[in-house]
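Encoded as structure tokens, the structure appears first; notes follow it.
The values are calculated or read from the model by the stated rules, or taken from the named source; none is laboratory data. Quick caveat: nothing in here was measured; it's all calculated off a predicted structure. A quick note on method: Cβ atoms are made from the backbone with ideal geometry, for glycine too, and the neighbour counts reach across all protein chains shown. Accessible surface areas use protein heavy atoms only, side chains included; no ligands, DNA or RNA. Shrake-Rupley method; radii C 1.70, N 1.55, O 1.52, S 1.80 Å.
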Amino acid sequence: MDFSESTEHALLRESVAQLAARYGHGYFVEKAKTGGKTDELWAEAGKAGFLGVSVPEEYGGGGGGISELAIVCEELAAGGCPLLLIVVSPAICATVVAKFGTPAQKQRWLPGFADASLKMAFAITEPDAGSNSHRLTTTARRDGGDWLLSGRKYYISGVDEVESVLVVARTEDARTGQLRPALFVVPTGAPGFEAQPIDMQITSPEKQFTIFLDDVRLPADALIGESEDTALPALFAGLNPERITVAAYGNGIARYALAKGAAYAKDRQVWKTPVGAHQGIAHPLAQAKIAVELARLMTQKAAWLYDAGQDAAAGEAANMAKYASAEAAIEAVDKAIQTHGGNGMATEYGLATLWGAVRAGRIAPVSREMILNFVAQHSLGLPKSY
Ligand SMILES: Cc1cc2nc3c(=O)[nH]c(=O)nc-3n(C[C@H](O)[C@H](O)[C@H](O)COP(=O)(O)OP(=O)(O)OC[C@H]3O[C@@H](n4cnc5c(N)ncnc54)[C@H](O)[C@@H]3O)c2cc1C
């Protein structure tokens, strides 16, 4: 077992870190507070090939996997620019299209994912279903050669920044009459598509939306794959990369916060020594450091398993990584704020601005409780309680 990072990965990490350092958390917060978008950063990261690093080479991508994309996500966050849409567009949508799209769908969308000129949102969560995806009611029905899509989704990230949304819906099985999942690419400009922003307490240029779909007419080829039969494996192909990159995002924020916390603890002096000499300040930072290093190990393992095609093991590891990262990020940001005293709450010090993002990490894309349910049931063999 070799825990040293390959030269390629170390180089990628360093290049992304350099890019993030040129923008920094001040840029991210300024965009968030003025209603701007991180377009320059996204475009530069796309041009450098960072955002298309996991897209197959034949479509202009880097030919890497989720391990590489997780590095990109972590380093941007560690540099103060946690871009949530990496989790959605390249991690979920590009992976689903690359693995389950028809040849024509790959040809149409993958080159755009490769240079990140194409951004796609992802919509599964519904107000009346929440964590229980078996209760999804967004439905697609056939109308001649077209589909008509109706339903409602909430907390969908980045709808104002994308041309289309990958929507998880259900279709009726002609034989059994039962509803089964199907994935559709839905243009945000289609008649019947409406998005309303949700006012969130998260300091980020990336916003969340409720989507209303009212008989949105879609051509036959809006359905991902050759038929509805591939929807379930396609969905799972996207959800593990989502969890892994969200974990990387949390790990990056935790590293950013700990670096700030440690620097301040070494510098700030109110008695005879820097505040970092007090164990009441040093130990919580050290505990958070241990937690984030453990979370990073599990995230790397999950990414490796996913890229190696070991889907069942990757699913368990991705859940555990996402859980560990969310907890570590909350601890790291909280302890770094505490280290800063009153300054911890000031926008200028760039820590409280991350509180909403790390706190949401305990809820989305899959909540702490649903991961504990998964581990209890699948890893420990305990009975399902719900
Ligand atoms: C910032 C942010 C961005 C998001 N982006 C997207 C996106 O781009 N696309 C998308 O589709 N969704 C997105 N979401 C939605 C997110 O995936 C959901 O919020 C999440 O899955 C939880 O669903 P819910 O909010 O309906 O909570 P609910 O399912 O209503 O759960 C409420 C609480 O009950 C707990 N609970 C529920 N069932 C159980 C159980 N069986 N056992 C124990 N506890 C239980 C939950 O853990 C939670 O704490 C985003 C959410 C946020 C906050």
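Details
- For segment 202-227, the set of residues classified as of a type in the set (A, V, I, L, M), within 26 Å of the chain's Cα centre (by Cα) and outside any loop (DSSP other than H, G, I, E, B) consists of I211, L213, A222, L223, listed by residue number.
- Positions within segment 1-26 being in contact with a Leu (Cβ under 9 Å, 6 or more places away or on another chain) and open to solvent by less than 40 Å² (accessible area, probe 1.4 Å), in sequence order: V16, A17, L19, A20, H25
- Residue that is nearest to the chain's Cα centre (by Cα), among those in segment 33-44 that are in a helix (DSSP H, G or I) and buried (at least 19 other Cβ atoms within 10 Å of the Cβ): W42
- Within the option set Y249, Y264, Y256, being more than 27 Å from the chain's Cα centre (by Cα) and surrounded by 20 or more Cβ atoms within 10 Å (Cβ to Cβ) holds for one residue only, Y264.
- When E369 is tested against (1) under 17 Å from the mean Cα position of the chain (by Cα); (2) surrounded by fewer than 21 Cβ atoms within 10 Å (Cβ to Cβ); (3) closer than 21 Å to Y154 by Cα, only condition (1) is not met.
- The criterion of being in a helix (DSSP H, G or I), more than 16 Å from the ligand (Cβ to nearest atom), touching a Lys or Arg at 6+ places or on another chain (Cβ under 8 Å) and within 22 Å of P284 (Cα to Cα) does not hold for A326.
- Scanning segment 168-201 for residues that are assigned to a loop (DSSP other than H, G, I, E, B) and touching a strand residue (DSSP E or B) at 6+ places or on another chain (Cβ under 8 Å), we see that the one that is modelled with the lowest pLDDT is D173.
- A count restricted to segment 373-383 and to residues that are touching a residue at least 60 places away in the same chain (Cβ under 8 Å) and either away from the ligand (no atom under 15 Å from the Cβ) or buried (at least 17 other Cβ atoms within 10 Å of the Cβ) (or both) stands at 1.
- There is no residue in segment 275-286 that is within 16 Å of the ligand (Cβ to nearest atom) and either buried (at least 20 other Cβ atoms within 10 Å of the Cβ) or on the phi > 0 side of the Ramachandran plot (or both).
- The one condition in (1) aromatic (F, W, Y); (2) under 23 Å from V53 (Cα atoms); (3) not in a helix (DSSP H, G or I) that W304 fails to fulfil: (3)
- Some residue of segment 319-336 being surrounded by fewer than 21 Cβ atoms within 10 Å (Cβ to Cβ) and of a type in the set (K, R): no
- Enumeration of residues in segment 329-365 that are in a helix (DSSP H, G or I), away from the ligand (no atom under 16 Å from the Cβ), at negative phi and not hydrophobic (A, V, I, L, M, F, W, C): E331, D334, K335, Q338, T339, G342, N343, G344, T347, E348, Y349
- The residue that is farthest from D215 (Cα to Cα), counting only those in segment 157-196 that are within 16 Å of the ligand (Cβ to nearest atom) and among the charged types (D, E, K, R), is E161.
- Sole exception among (1) away from the ligand (no atom under 15 Å from the Cβ); (2) in contact with a Ser or Thr (Cβ under 6 Å, 6 or more places away or on another chain) for M370, by number: (1)
- Contact annotation: residue pairs with Cβ atoms under 6 Å, 6 or more positions apart or on different chains, pairing a residue in segment 301-318 that is modelled with pLDDT of 95 or more with a partner that is open to solvent by 70 Å² or more (accessible area, probe 1.4 Å), are A317/K301.
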